[in-house]
Amino acid sequence: MRVFARHGFDGGTIRQIAREAGVAEGLIYHYFENKHALLDAVARESSLLSWLERAEALPQDLPMERALVHAVHEAMTRNMANPELLAIIMGRTCTDHDTRQRVGQLVREIQERVAGYFERKAAEGEVRDVDAHVLARILGGSVLFFAVSQTQLSPPLRYLDPGKFARTLVDVLLHGIKPRAQLPEPSQEGRDEIDADITE
């Protein structure tokens, strides 16, 4: 990513990447067919998918609000940890067919996992039976826009605390924007647990 940030994806070479990593150029080609495959691997490892593939991600026994706030915060942290990667992938997705396909597959895999979680929760009666893929896309689009607005715009939009954004997004997704008097009030213990998840 340092090479791509300095020289751009097209200008950066496998030779430069090998020098930066302190390995032989042939070793990179042993594992990666080309720069596209290398960028794909970095994107996958940096994405929410690598977290969602872990057994502890979105556990069924954790209260839904806590699990979703934790997932949203994790996605936001990953998106904002490497703004150069986000900029390169967004730019290449708009201009390069191969990158568009690779990113599309990555996004589909993430969406399927998140939608599957919503479908299981609907089957258990914890949420209404609404289109789980729409819910997954609402979350994904909100998280991506947050990262873009904080790292890619010049000047960036007014800073928002990621933890507050995650809590508010999940709260609105699960409860809407009706007055609190019409909604069950979460316990203080529940609020404290969510805040603890974000600060870990």
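Here are the numbers for this structure:
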read-out: C-alpha long axis of helix 162-175 to longest principal axis of the chain, angle in °; value: 50 degrees
read-out: Cα-based helix-to-principal-axis angle, 188-199 vs the chain, degrees rounded to 10; value: 0 degrees
read-out: Helix 97-123 axis, angle to the chain major axis (alpha carbon atoms, nearest 10°); value: 20 degrees
read-out: Length gained when the stretch T168-R100 is fully extended (0.36 nm per residue, less Cα-Cα span); value: 21.4 nm
read-out: Calculated FRET value between R2 and E109, using beta carbons and R₀ = 22 Å, to 0.05; value: 0.25
read-out: Helix-derived mean residue ellipticity, 222 nm - over the chain, DSSP H n ≥ 4, -39500 (n - 2.57), to 500; value: -23500 deg cm²/dmol
read-out: Paramagnetic label zone (point 7 Å from Cα along Cα-to-C-beta, D129; backbone N under 16 Å) in segment 53-70; value: none
read-out: Dipole of segment 1-71, positive end: most advanced residue of L68, Q16, L48 [Cβ charges, Cα centre]; value: Q16
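Taken together, the values in this text are just the output of simple stated rules run on the coordinates, not laboratory data. Predicted model only: the values in this text are computed from it and were never measured. Backbone-built Cβ (ideal geometry, glycine too); neighbour counts: all protein chains shown.
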